[in-house]
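Only one structure is covered here, and it is reproduced in the block below.
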Amino acid sequence: MRNLKLLKSIVERRSRVQAGRGGDEGQTVFEYLGIIVIIVLIIGAIVGSGLAAAIANAITQALADITAN
């Protein structure tokens, strides 16, 4: 009987915590859009700064070193 009361108390507490969230489950379309915009800005900054060419050259050199051995 004591275990049943403990289980009931745990279930009630969890349901109160979940009910108190106010429906904040999941992401909205605007949050996803914001993430996409940030990613595009980061990629644009990398390409615009010439860092993309340096990264591509480093990868090409690393692959050449691997295949030469």
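A few comments on the model shown:
- Yes/no for residue 52 being open to solvent by less than 90 Å² (accessible area, probe 1.4 Å), modelled with pLDDT of 90 or more and part of a helix (DSSP H, G or I): no
- Residues being assigned to a helix (DSSP H, G or I) and either at pLDDT below 85 or among the basic types (Lys, Arg) (or both) - total across segment 13-43: 7
The values are calculated or read from the model by the stated rules, or taken from the named source; none is laboratory data. It should be emphasised that the depicted structure is a prediction, and the values quoted were computed from it without experimental measurement. Remember, those area values only see protein heavy atoms, side chains included, never the ligands or the DNA or RNA. Shrake-Rupley method; radii C 1.70, N 1.55, O 1.52, S 1.80 Å.
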